[in-house]
Every structure is written in structure tokens, then in C-alpha cells.
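Everything below concerns the one structure shown next.
Just so you know, all these numbers are worked out from the coordinates, no wet-lab data involved. All figures in this text were calculated on a predicted structure; none of them were measured in a lab. Here Cβ is always computed from backbone atoms with ideal geometry, including for glycine, and neighbour counts include all displayed protein chains.
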Amino acid sequence: MGKIQKFEQLAYLYIKNKILTNEWKPGYHIIELNISNDLDMSRSPVRSALAVLEKENIVEVIPYRGYFVLNKPSSEQLTGHKLRYFKIICYRLVDRLSKTDFENQRVSTILYQTVRDLKQAVKNQDDSFFLKILLTYWEELFIPADHPFLVKEAKIAIKHIIRHIQDEVTTEQFQHLQTILTIYLEDLAFAIAHQQYQNCHTIIQLLSVRLLQYVSKDNQTTYLVTDHYPTRP
């Protein structure tokens, strides 16, 4: 996927996220400049994303006024969407990290300490502490990417996903997932420490696939749905 299409997909998922969470209701006036500022991109990929959403009958364009929310997509499930959005955000933040000169040793030290805390939370079967440390991990991981808005969006998304899974599976299944996530996050910390950014993409992909296995079929369908911006499962 080329750089331009990556930006378009991020804008597309951002807008759809606003609509699926009811933050933007039917009739809401979508301001392109606000989106481009939030996502730190030009308005061109935002316009392209809006054009796709117009074809999907989710937004409408009114001449001389701009784009407005038309419909909330009824067939899409929020958790499946959040998982897809989370993955694309992480890809974007890793891309920014690869172009940033930061103290990777200091960051990796913090991440490894966070991973130790995650392991302790799993050992103690402390789900609340695990979620708290998990959010800290993602924040510490991506602070050097210098994109506070996307870091916040990533944390909101993963928090929603984890809480949804916790409500859907057994205690044993959730503890097993925590163990697996901790392994992936330790691998990700290693990749960041050694500036292996392509490996970061692979780990994020594997982590997303693992999370996908714990959500409902409807949410899996939403994640896997083929549209203008397909992503591999």
C-alpha cells in the first residue's frame, strides 16, 4: 500500500470512527481542515476518503457547503472497526518513529519495565492493573512519534477492544490472551530498541490477528470487510 493510500485509509477510518461512536450524527457538518489538522496530513487524502464514504452512502456533499454525515453504517460493528483503526494508527505511528531521532535505549528501557509490570499483572490475575499498564505501554511506545492525537486515539481504541473481549470470553480465555499480548509487546519493545521497524509492522499485524480471534463473528466481518481500502487480516 502506497503512502498516499495509507493516509487516505487513516482518514477514512477516522471519519467512520466518529460516525460509529455517534460523535458525528446525521446532519453533522464535516470540516476537512479539522481532520487534516488532527491527523497531520494534507486535505487531499481527506477529500479522497470523503469521496469513498459518499459512494458508500455514509456522507453526502452539498454544493457550496461541503460534506455532511448522512447515515450511520448499520451493518458494521464498533469493536471490529476499532481493531482495524487501531492497527492502521499503529502503522502510521511506527512510520513516524522510523523518521524520528530519539533515544531508543531510554525508550526501550521504559518499555521493558512496562512489560515486566504486565507480566506481574498476569501473574496476579489483576485485570484492571493489566489494562492500566497496557495503556501506559502504548503511550510510552509512541511518544517519540510526536503525534499526541493519534496516540490518544490508539489508547481509546485498544481500551475499547480489551474491555469488549473481557466481556465476551471466559476468565481463563482472557488470562490466556493477556499472556499472549505480553509476549507480542515484549517482541515489539525489542524491535523498537533495535530500530527494526518492518518487524514492528509484522508484530502489530500478528497482534491484531490474535485479538481478532477473540471477538464475535460480526466484529470479525467488520474488520475483514473488503472496501476501497482493504487490509489483510
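Over region 8-65, what is the relative contact order in whole percent, taking alpha-carbon pairs under 8 Å and six or more residues apart? Can you show the working numbers first?
Working: 30 pairs, mean separation 22.6, N = 58.
Relative contact order, region 8-65: 39 percent.
Modelling each spin label as a point 7 Å along the Cα-to-Cβ direction, I'd like the THR202/THR100 distance in nm, to one decimal.
2.4 nm
Counting other Cβ atoms within 10 Å, keep those with at most 14, restrict to DSSP loop, and tell me which trypsin sites (Lys or Arg not before Pro) in region 32-121 are left. Write out the running numbers ahead of the final one.
Working: sites: ARG43, ARG47, LYS55, ARG65, LYS82, ARG84, LYS87, ARG92, ARG96, LYS99, ARG106, ARG116, LYS119; in loops: ARG65, LYS99.
Qualifying residues, ordered by number: ARG65, LYS99.
Using alpha carbon centroids, what distance separates region 109-144 and region 158-204, in Å?
Their Cα centres are 10 Å away from one another.
Under the definition of Cα pairs under 8 Å and six or more residues apart, what whole-number percent is the relative contact order of region 1-114?
On the way: 96 pairs, mean separation 33.3, N = 114.
Dividing the mean separation by the residue count of region 1-114 yields 29 percent.
Which lysines, on any chain, are close to LYS72 with Cα under 18 Å apart, when same-chain ones fewer than 8 places away are left out?
Cross-link targets: LYS16, LYS18, LYS25, LYS55, LYS82.
Can you give the helix-only mean residue ellipticity at 222 nm for the chain, where every DSSP H stretch with n ≥ 4 adds -39500 (n - 2.57) and the sum goes over all residues, rounded to the nearest 500 deg cm²/dmol? Don't skip to the answer; put the middle values down first.
On the way: 10 runs with 164 residues, N = 233.
Theoretical 222 nm ellipticity from helices: -23500 deg cm²/dmol.
Helix 127-142 versus the longest principal axis of the chain: what is the Cα-based angle in degrees, 0 to 90, to the nearest 10?
The answer is roughly 70 degrees.
In degrees from 0 to 90, rounded to the nearest 10, what is the angle of the helix 3-20 Cα long axis to the longest principal axis of the chain?
80 degrees
Compute, for the chain, the length of the dipole vector about the Cα centre, with Cβ point charges of +1 (Lys, Arg) and -1 (Asp, Glu) only. Units Debye, rounded to 20. Present the calculation step by step, with values, prior to reporting the outcome.
Numbers: 28 positive and 26 negative charges, 53 e Å.
Dipole of the chain, to the nearest 20 debye: 260 debye.
For region 51-105, what does the alpha-carbon gyration tensor say about shape, rounded, prolate or oblate, given a ≥ b ≥ c as the root eigenvalues, a/c under 1.5 as rounded, and a/b over b/c as prolate?
Verdict is oblate for region 51-105.
Tell me the angle of helix 148-168 to the major Cα principal axis of the chain, expressed in degrees between 0 and 90 and rounded to the nearest ten.
70 degrees
Using a ≥ b ≥ c from the Cα gyration tensor of region 98-144 (square roots of the eigenvalues), is it rounded, prolate or oblate, where a/c under 1.5 gives rounded and otherwise the larger of a/b and b/c decides, a/b for prolate? Don't skip to the end; give the middle numbers.
Numbers: a/c = 4.69, a/b = 2.32, b/c = 2.02.
Since a/c reaches 1.5 and a/b is larger than b/c, the shape of region 98-144 is classed as prolate.
Using Cα pairs closer than 8 Å and at least 6 residues apart in sequence, work out the relative contact order for the chain, in percent. Walk me through the intermediate numbers first.
Numbers: 260 pairs, mean separation 54.6, N = 233.
It rounds to 23 percent for the chain.
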